[in-house]
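Participant: Pasting a structure below so you can have a look.
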Amino acid sequence: MPRPRRLRNVCFNPEATYFKPAGVRKKELDQVVITIDELEAVRLKDYEDIDQNQAAEKMNISQPTFHRLVKDARKKIADAIINGKAIKIRGGDYKITNKNNKT
């Protein structure tokens, strides 16, 4: 039996959770699902430009786990953009924390 996943600290809850190519009906689209914790990893690394070790610490996960989250999220984002898929943001193993939390 695998060990339970550690909850990842997330400092924001996205207001927009669905993105799609313009001019295509939602029902005609394939979609990729990005989890909230994957999105947080991309936000910290790419948007906030935080060092990977510091970002992993903020999320309360190991650096290899953080790297895997970023890698998986970027792959899904690239797939959606290149292949004209929608992006749905939901789920994951996370807990919302205070932005000032220094975990």
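Read-outs: derived from the displayed coordinates by stated rules, not from any lab. Values in this document were obtained by computation on a predicted structure and should not be read as measured data. Cβ sites come from the backbone with ideal geometry, for glycine too, and all protein chains shown count toward neighbours.
Participant: Which of the residues that make up region 67-95 are out of contact with any Leu (no Cβ under 6 Å at 6 or more places or on another chain), part of a loop (DSSP other than H, G, I, E, B) and surrounded by fewer than 16 Cβ atoms within 10 Å (Cβ to Cβ)?
Facilitator: If the condition is that a residue be out of contact with any Leu (no Cβ under 6 Å at 6 or more places or on another chain), part of a loop (DSSP other than H, G, I, E, B) and surrounded by fewer than 16 Cβ atoms within 10 Å (Cβ to Cβ), then Gly84, Arg90, Gly91 are the ones that fit.
Participant: In region 44-66, what residues are without any contact (Cβ under 8 Å) to a residue 40 or more places away in the chain, in a helix (DSSP H, G or I) and aliphatic (A, V, I, L, M)?
Facilitator: Of everything in region 44-66, those that are without any contact (Cβ under 8 Å) to a residue 40 or more places away in the chain, in a helix (DSSP H, G or I) and aliphatic (A, V, I, L, M) turn out to be Leu44, Ala55, Ala56.
Participant: Tell me which of these Thr17 doesn't satisfy, since it passes every other one: (1) on the phi > 0 side of the Ramachandran plot; (2) in contact with a strand residue (DSSP E or B) (Cβ under 8 Å, 6 or more places away or on another chain); (3) not hydrophobic (A, V, I, L, M, F, W, C).
Facilitator: Result: Thr17 fails condition (1) only.
Participant: Further question on the same structure: Which one is surrounded by the fewest Cβ atoms within 10 Å (Cβ to Cβ), of the residues in region 26-55 that are among the acidic types (Asp, Glu) and in contact with an Asp or Glu (Cβ under 8 Å, 6 or more places away or on another chain)? If you could, list the steps in order and put the result at the bottom.
Facilitator: Going residue by residue through region 26-55, those that are among the acidic types (Asp, Glu) are 28, 30, 37-38, 40, 46, 48-49, 51.
In the following step, the residues that additionally are in contact with an Asp or Glu (Cβ under 8 Å, 6 or more places away or on another chain) were identified as 37-38.
Details: Asp37: 23, Glu38: 25.
Per the stated criteria, the residue is Asp37.
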